[in-house]
1. Given the criteria in contact with a helix residue (DSSP H, G or I) (Cβ under 7 Å, 6 or more places away or on another chain) and open to solvent by 40 Å² or more (accessible area, probe 1.4 Å), does residue 286 qualify?
2. Any residue in the range 492-506 that is touching a residue at least 40 places away in the same chain (Cβ under 8 Å) sitting within a Cβ distance under 7 Å of a residue that is assigned to a helix (DSSP H, G or I)? List the pairs, counting only those 6 or more apart or interchain.
3. Please enumerate the residues belonging to the range 474-501 that are open to solvent by 40 Å² or more (accessible area, probe 1.4 Å), part of a helix (DSSP H, G or I) and closer than 16 Å to residue 124 by Cβ.
4. Starting from the range 380-397, take each residue that is open to solvent by 10 Å² or more (accessible area, probe 1.4 Å) and list its partners that are part of a helix (DSSP H, G or I), counting only C-beta distances under 6 angstrom and pairs at least six apart or across chains.
5. Does any residue in the range 295-311 that is more than 10 Å from residue 329 (Cα to Cα) and free of Cβ contacts under 8 Å to residues at least 40 places away in the same chain come within less than 7 Å, Cβ to Cβ, of a residue that is surrounded by 14 or more Cβ atoms within 10 Å (Cβ to Cβ) and of a type in the set (A, V, I, L, M, F, W, C) six or more places away or on a different chain, and which pairs are these?
6. Evaluate the following for residue 424: is it surrounded by 23 or more Cβ atoms within 10 Å (Cβ to Cβ), touching a Phe, Trp or Tyr at 6+ places or on another chain (Cβ under 6 Å), within 30 Å of residue 296 (Cα to Cα) and polar (S, T, N, Q)?
7. Quick one: residue 353 ticks every box in (1) within 30 Å of residue 249 (Cβ to Cβ); (2) among the acidic types (Asp, Glu); (3) in contact with a Pro (Cβ under 8 Å, 6 or more places away or on another chain) except a single one, so which number is it?
8. Please determine, by comparing only the residues of the range 45-80 that are surrounded by fewer than 13 Cβ atoms within 10 Å (Cβ to Cβ) and either touching a Ser or Thr at 6+ places or on another chain (Cβ under 8 Å) or of a type in the set (A, V, I, L, M, F, W, C) (or both), which one is farthest from residue 189 (Cα to Cα).
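The values are calculated or read from the model by the stated rules, or taken from the named source; none is laboratory data. The structure displayed is predicted, hence computed values, not measured ones. Cβ sites come from the backbone with ideal geometry, for glycine too, and all protein chains shown count toward neighbours. In case anyone asks, the SASA skips ligands and DNA or RNA and just uses the protein heavy atoms, side chains included. Shrake-Rupley method; radii C 1.70, N 1.55, O 1.52, S 1.80 Å.
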Amino acid sequence: MRHSLAALLLAASILAVPGVPGAFAQSDAAAPPARAAVRPAPDNPSELPPPSVTRHRLKLPDGELAFTATAGATRLYDDGGTPVADFVLTSYRLDGADPARRPVAFVVNGGPGASSAWLQFGALGPWRLVLDGAAAPPSTPPRLVENAETWLAFTDLVFIDPPGTGYSRLVGSGDDIRRRAYSVDGDIDFLAAIIRRWTEDNRRELSPKVFVGESYGGFRGPLLARALATDHGVGLKGLVLVSPVLDFRLRDSRNIQAEAALLPSMVAAARRLDPALAGPPIAEIERIAASEHLADLARGPRDEAARGRIVDRVAAWTGLDRALVAQYGGRLPLNVFLNHVDRRGGRFASPYDAAAVGLDPNPFGESHGALDPVLDALKAPFTSAARELYAGKLDWAPKRRYEVLSNGVNRAWEWGRSLSPPQSSGALAEMLAADPTLGTVVVHGSADLVTPYMASRFAMDQIAVPGVGDRLQLRVLAGGHMFYADPASRIAFRDIGRDLVAAAAR
């Protein structure tokens, strides 16, 4: 199976911490470490074109939007005046709006190593890439159309590409800068500095501010909210965390909660592939996964009765052959499930959307070595769409490669060296307690096996902030990791965002 750890860590997603066991970033439950300041300074990077400002009109079902787009780079310097990085930001601002009252959303994707193209062209931006479902082929024409579900209808948008993604790059020399930029804590420092800089440059101190982050971008969200509030004097009113990992302990295959969290998403995918598949309602499967199934997993594989119950559930609810499931004691490796969930043969499913299948180029071999039908297939159309947007609509054409997904950034990422896997649910609890107006919604696709929604539910259930109520919500939509490829889910996602932004603006 070609779903290697490096591949699964990329795209708009994260899976597990690379490196030796136990080499993890510091848990955010501890006091944040002291940080060296990152100081933005006015400058126009010579390596990139000057910023381009263009004006556009967008026809939506409810009327027409006139807006201004700005594409360009901001250079960050350290305290000694040494250049560190060029951040490319793409902003869309509604013309004629009161900047003191108009909300603004800062948008970041994941990876580490993913550009913001995924959310910009998949769901939020004024133009959308036309896709025929999640498993579009690489030759999909990069056709951008007016996005009827754009969030520009209710908030200004600022798409941020961290260094090494999109057209953004590190400009400082030396390993220290690279290690700092490509690390859990340094990445947050850089992003907080660039958000503060944009806020100051555009006089948006009074604007209600929200953050939208997908996958590793969702992991960033709570940590970034804390850094902005404590180090930069910028308060966020809302967080939209898209297909996030809130706690890496719930991505560790040795953790029985991580195993239990996969079950509802496996069943959801199997039912999308075979609607006639019988079994309890998904809500009941979620309950069982968090109770009886979890208890049987805890009893361990030497408990024959518990092992039998696990096998019975997994086989019956996914439609997989019971002998195959029993071979693994009900604890199916991810690649085994993906290779067998589509029973037509010669096909395999994507972990990003296990209901999206591709053809196996080596159906008679032990491993197929195929390109992922979601992740790999979408790189080409998203990259081409980005070049078309910047050179065409935005009149900004850097003479460098556009990195929609950077393997180099991903491989270089520094996760830290503490014994605790990284997690941001502790920072989320801190910010919900510190600010009684902060709203957070976590949104997942039901068939996502890279960041299954039950893992977020398990993490969120441990947040015991008194009176948090509806300020912390989990929403599950049809689809996979990039659930917004489904038109109905994209509309529902737009409505979720509109409700959160409206609450933030009150």
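1. Spelling it out, it is not the case that residue 286 is in contact with a helix residue (DSSP H, G or I) (Cβ under 7 Å, 6 or more places away or on another chain) and open to solvent by 40 Å² or more (accessible area, probe 1.4 Å).
2. Pairs that qualify, where the first residue is touching a residue at least 40 places away in the same chain (Cβ under 8 Å) and the partner is assigned to a helix (DSSP H, G or I), are 493/123; 493/484; 494/151; 497/151.
3. Correct list: 487, 491, 494, 495, 498, 499.
4. Close Cβ pairs satisfying both conditions: 397/391.
5. Pairs found: 296/306; 296/310; 299/306.
6. The answer is yes for residue 424.
7. Answer for residue 353: the failing condition is (3).
8. So the residue we want is 66.
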